[in-house]
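Heads up, the thing below is written out as C-alpha cells.
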Amino acid sequence: MKNVVCVDDCVIDLKLNSKVVTRSKKAKVVESFMDPREALKWFKVHPDAKIDLVFLDLNMPHMGGFEFLEAFSQLSFSRQPLICLLTSSNNPSEVSRAREFGAEFVTKPLSKSYLESILAKVRD
Amino acid sequence: MHYLEQELRQLVKQDEQIFRFVEEGCLDGIWYWDLEKPENEWMSPKMWETLGCDPSTKRHLVSEWQDLIHPDDLATAIENFNSHCRDPNAKYDQYVRYRNGSDWTWVRCRGIAIRNKEGKPIRMLGAHVDVTEIKTLQLETAVQRRELEERNQELSVFAHAASHDLQSPVKSMLGIISLMKEDASENDHTDLEENIQHLETLALRTQRLTNALLTIGRIQNTAPMKKLGRVGSFTEKVWQEVAEEYEFDKQSLEFVGLNQELNVDHDMFELMLRNILSNCIKYRHPDRNLKIRVAWAEDQVSRRLEIEDNGCGMTLEQCKESTIFFKRFHSASDIEGSGLGLGIVRQIAKRHGASVRLEPKLPFGLKVVVCFDGEES
C-alpha cells in the first residue's frame with residue numbers, strides 16, 4: 001500500500017482525489033492539505049513519514065505549486081516522494097518547468113487509470 | 001540628357017525666378033555655410049519662417065540656428081557633418097528638432113560639402129524639409145502600437161487565466177461524474193447526495209465566473225451613460241441590497257461627507273460599489289464586528305472615494321498583485337468569488353477616467369481608494 005499526500009485549495013478536488021486513491025486499494029491518503037504552507041510545515045516535521053506520492057495543485061492562493069516545489073526541494077526525506085502536479089490546463093511551459101523539478105504533470109481530474117500508471121512508477 | 005531637363009537646367013542658371021520657385025515650392029529652407037569662416041552661414045527667409053521666426057530678426061550666423069536646435073540633435077548633426085567632410089560618401093542627412101515657440105519643429109536636414117581642388121570642404125549647401133506632421137503621426141502611431149501590444153499581452157494573460165478558471169470546475173465535475181458512474185454500476189448510492197451537492201457547488205462557481213466574464217465584456221464594450229448622481233444615494237442603495245443579500249447588519253456602514261455629486265454611469269457605478277462592499281463582507285474578520293467607512297475626500301491633488309473596513313485586509317504585496325485578473329488571495333472553497341471582482345471595479349473606474357488603488361489599513365483592514373482625477377493606481 002502506497003502512502004499519498006494531497007495538496008489542493010479546493011475541498012471538492014481534495015475529496016475527489018482522496019476517493020480515487022482509496023478506491024484503487026493500492027494506496028491510501030495519509031494527509032490532505034488545503035493550504036500548501038501547512039503541507040510544507042507537515043513535511044518538515046515528518047521527514048520519516050515514508051510518503052510515496054504527493055498530488056499537488058498548481059494554482060493555489062497562498063503559495064503556487066512551483067513555489068511549493070522550490071521549498072520542497074530543499075527538504076530531505078528518508079524516502080523521497082514523487083510529486084505529481086495536478087492542473088486544469090495543459091500549459092507546455094508549466095509542463096517543462098515541472099520536469100525540471102523531476103515532477104510528473106497531469107491535467108485534472110485524477111483518473112483511476114492515471115493513478116495506476118503513476119503508482120507503477122513509484123518504487124517499492 | 002532629355003532636352004527638357006537640359007532646358008530646365010539652363011533656365012535655373014539664367015532666371016532668378018525659377019530658383020525662387022524651386023526653393024519655395026519644394027523646400028522649407030536653404031542654408032549655405034562658409035566653412036573657411038565657419039561663423040558665417042546664409043539662411044533663407046523661409047527657413048526662419050518654418051521655424052516660427054521673423055527672418056528680419058535673424059543674423060546670418062551659425063549661432064542663430066545652433067541656439068534653436070535640440071541639443072541631442074545638434075550632437076548628431078555635428079557627427080554627421082564631420083563624417084561627411086572626411087568622406088563624401090557619408091551622407092549628411094538627419095531628422096532634427098528646432099524649438100518653435102513652446103513646440104518643436106521636426107526638420108529633415110540634408111547637405112552637401114562643396115570642396116576645393118584639393119578636396120577640402122570650403123562651403124556647405126543644405127536644404128530643410130518640414131516633416132513635423134509626419135513625425136508627429138509616427139510618434140502617435142508608435143504610442144498607439146505600444147498600447148495595442150500591451151493590451152494584446154493583457155488579453156493573452158486574461159484569456160489563459162479565464163480558460164484555466166473556467167476549466168477548473170468543469171474538470172472537477174467530470175471527475176465526480178466518473179465516480180458516480182462507477183458507483184451506479186455497483187449500485188452504490190452512499191455518496192450520491194454529497195456528489196450532487198458538489199456538482200451544484202461547481203456549477204454555481206462556473207456560472208459566477210461566466211457572469212463576471214460577461215460583465216467585464218459589457219463594461220469594456222459599452223460607453224458609460226453618464227448622469228449626475230449623489231455618491232451618498234448610490235452607496236445607501238447598494239449597501240441596502242448587499243446587506244440584505246448577505247443577511248448582514250446594515251448598521252455596519254458609516255457614511256462621511258457623501259453629498260458629492262458625480263457624473264457617472266449609474267449602473268456601472270453601483271456595480272463597482274456592489275463589488276467593493278460585498279468584498280468587505282466576504283473578507284470580514286471572524287473575530288471582529290465588521291465596520292465599513294465610506295468617505296468622500298478631496299484636496300489639491302485628487303478627489304477620492306475611500307472605502308475602508310476592519311476585515312482580513314491584505315499585505316502591501318497582495319495589494320500590488322490585486323491588479324492581476326483572477327488573482328485569488330483565498331481558497332475558492334473558503335470564500336466564494338470569481339477572482340474578477342476587483343478587475344470589474346478597475347474596469348469601471350477606467351471607463352470613467354478614474355483609477356483604483358488598495359492600501360493595507362493599520363492596525364487591520366483594507367482601504368479601497370477610487371481616484372477621480374486619473375491618479376495612477
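The values are calculated or read from the model by the stated rules, or taken from the named source; none is laboratory data. Because the structure is predicted, anything quoted here is derived from the model rather than measured. Using ideal geometry, Cβ is built from the backbone for each residue, glycine included, and neighbour counts are taken over all protein chains shown. In case anyone asks, the SASA skips ligands and DNA or RNA and just uses the protein heavy atoms, side chains included. Shrake-Rupley method; radii C 1.70, N 1.55, O 1.52, S 1.80 Å.
Of all residues in segment A:82-105, which are open to solvent by 20 Å² or more (accessible area, probe 1.4 Å) and within 23 Å of B:Ser168 (Cα to Cα)?
Within segment A:82-105, the subset open to solvent by 20 Å² or more (accessible area, probe 1.4 Å) is A:82, A:90-97, A:99-102, A:104-105.
Result: A:Asn90, A:Asn91, A:Pro92, A:Ser93, A:Glu94, A:Val95, A:Ser96, A:Arg97, A:Arg99, A:Glu104, A:Phe105.
Listed here are the residues, each with its yes/no results for (1) assigned by TED's automatic domain parsing to the domain that holds B:Met124; (2) open to solvent by 70 Å² or more (accessible area, probe 1.4 Å); (3) farther than 21 Å from B:Glu133 by Cα.
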site	(1), (2), (3)
B:Glu36	yes, yes, yes
B:Glu39	yes, yes, yes
B:Met43	yes, no, yes
B:Gly52	yes, no, no
B:Val62	yes, no, yes
B:Glu79	yes, yes, yes
B:Arg86	yes, yes, yes
B:Thr105	yes, no, no
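Any residue at all in segment A:45-56 that is within 14 Å of chain B (Cβ to nearest Cβ), open to solvent by 60 Å² or more (accessible area, probe 1.4 Å), not in a loop (DSSP other than H, G, I, E, B) and not β-branched (Val, Ile, Thr)? I'd like the intermediate steps shown before the answer.
Here is the first cut: in segment A:45-56, the ones within 14 Å of chain B (Cβ to nearest Cβ) are A:55.
Cutting the leftovers down to open to solvent by 60 Å² or more (accessible area, probe 1.4 Å) gives us none.
No, segment A:45-56 contains no residue that is within 14 Å of chain B (Cβ to nearest Cβ), open to solvent by 60 Å² or more (accessible area, probe 1.4 Å), not in a loop (DSSP other than H, G, I, E, B) and not β-branched (Val, Ile, Thr).
Look through B:Lys282, B:Lys361 and report the one residue that is modelled with pLDDT of 80 or more, under 21 Å from B:Leu204 (Cα atoms) and surrounded by fewer than 20 Cβ atoms within 10 Å (Cβ to Cβ). So the residue among B:Lys282, B:Lys361 that is modelled with pLDDT of 80 or more, under 21 Å from B:Leu204 (Cα atoms) and surrounded by fewer than 20 Cβ atoms within 10 Å (Cβ to Cβ) is B:Lys282. Of the helices (runs of 4 or more DSSP H) lying entirely inside segment B:42-137, those carrying at least 3 residues that are farther than 21 Å from B:Glu23 by Cβ are B:71-86. Could you say whether any residue in segment B:132-141 is more than 14 Å from chain A (Cβ to nearest Cβ), crowded, with 16+ Cβ neighbours inside 10 Å, on the phi < 0 side of the Ramachandran plot and of a type outside the set (Gly, Ala, Ser)? Checked against the condition, which is being more than 14 Å from chain A (Cβ to nearest Cβ), crowded, with 16+ Cβ neighbours inside 10 Å, on the phi < 0 side of the Ramachandran plot and of a type outside the set (Gly, Ala, Ser), segment B:132-141 yields at least one hit.
Here A:Pro36 meets each of (1) closer than 22 Å to B:His164 by Cα; (2) within 14 Å of another protein chain (Cβ to nearest Cβ); (3) open to solvent by 10 Å² or more (accessible area, probe 1.4 Å) with one exception, condition (3). Taken as a whole, the structure leaves B:Lys227 outside the set of residues that are more than 30 Å from B:Ala349 (Cβ to Cβ), open to solvent by 60 Å² or more (accessible area, probe 1.4 Å), of a type outside the set (Ser, Thr, Tyr) and not in a loop (DSSP other than H, G, I, E, B).
Looking at this structure, is B:Asp267 buried (at least 20 other Cβ atoms within 10 Å of the Cβ) and either of a type in the set (Asp, Glu) or assigned by TED's automatic domain parsing to the domain that holds B:Ile216 (or both)? Judged against the criteria, B:Asp267 is not a match.
Of the set (1) more than 14 Å from chain B (Cβ to nearest Cβ); (2) over 19 Å from A:Ala120 (Cβ atoms); (3) part of a loop (DSSP other than H, G, I, E, B), all apply to A:Asn59 but (1). Here's a check for you: in segment B:148-189, which residue that is of a type in the set (S, T, N, Q) and more than 9 Å from chain A (Cβ to nearest Cβ) is farthest from A:Thr87 (Cα to Cα)? Only one residue fits best here, namely B:Asn187.
Out of A:Ser18, A:Ser32, A:Ser89, A:Ser93, I need the residue that is within 14 Å of the chain's Cα centre (by Cα) and without any contact (Cβ under 8 Å) to a residue 24 or more places away in the chain. Which one? Talk me through it step by step, then tell me what you get.
On the way: A:Ser32 fails: without any contact (Cβ under 8 Å) to a residue 24 or more places away in the chain; A:Ser89 fails: within 14 Å of the chain's Cα centre (by Cα); A:Ser93 fails: within 14 Å of the chain's Cα centre (by Cα).
So the residue among A:Ser18, A:Ser32, A:Ser89, A:Ser93 that is within 14 Å of the chain's Cα centre (by Cα) and without any contact (Cβ under 8 Å) to a residue 24 or more places away in the chain is A:Ser18.
What residue, of A:Val7, A:Val30, A:Val54, is touching a Pro at 6+ places or on another chain (Cβ under 7 Å) and more than 29 Å from B:Ser322 (Cα to Cα)? Walk me through it before giving the result.
Numbers: A:Val7 fails: more than 29 Å from B:Ser322 (Cα to Cα); A:Val30 fails: touching a Pro at 6+ places or on another chain (Cβ under 7 Å).
None of the others qualify; the one that does is A:Val54.
Restricting attention to segment A:1-32, and to residues there that are surrounded by fewer than 21 Cβ atoms within 10 Å (Cβ to Cβ) and in contact with a Cys (Cβ under 8 Å, 6 or more places away or on another chain), which single residue is farthest from the other protein chains (Cβ to nearest Cβ)? So, considering only residues that are surrounded by fewer than 21 Cβ atoms within 10 Å (Cβ to Cβ) and in contact with a Cys (Cβ under 8 Å, 6 or more places away or on another chain), the one farthest from the other protein chains (Cβ to nearest Cβ) is A:Glu31. Considering only segment A:62-97, how many residues are outside any loop (DSSP other than H, G, I, E, B), away from every other protein chain (no Cβ under 14 Å) and within 18 Å of A:Asn3 (Cα to Cα)? Going through segment A:62-97 one residue at a time, the tally reaches 4.
Of all residues in segment B:10-40, those that are under 51 Å from the mean Cα position of the chain (by Cα) and assigned to a helix (DSSP H, G or I) total 9. Just one residue in the set B:Gln207, B:Gln251 is free of Cβ contacts under 8 Å to residues at least 12 places away in the same chain, of a type outside the set (Asp, Glu) and assigned by TED's automatic domain parsing to the domain that holds B:Lys367; that residue is B:Gln251. When B:Phe372, B:Phe329 are checked against the criterion of being surrounded by 15 or more Cβ atoms within 10 Å (Cβ to Cβ), touching a Lys or Arg at 6+ places or on another chain (Cβ under 7 Å) and either at pLDDT below 85 or of a type outside the set (S, T, N, Q) (or both), B:Phe372 stands alone in meeting it.
Against the numbered list (1) surrounded by fewer than 17 Cβ atoms within 10 Å (Cβ to Cβ); (2) part of a helix (DSSP H, G or I), B:Gly175 comes up short only at (1).
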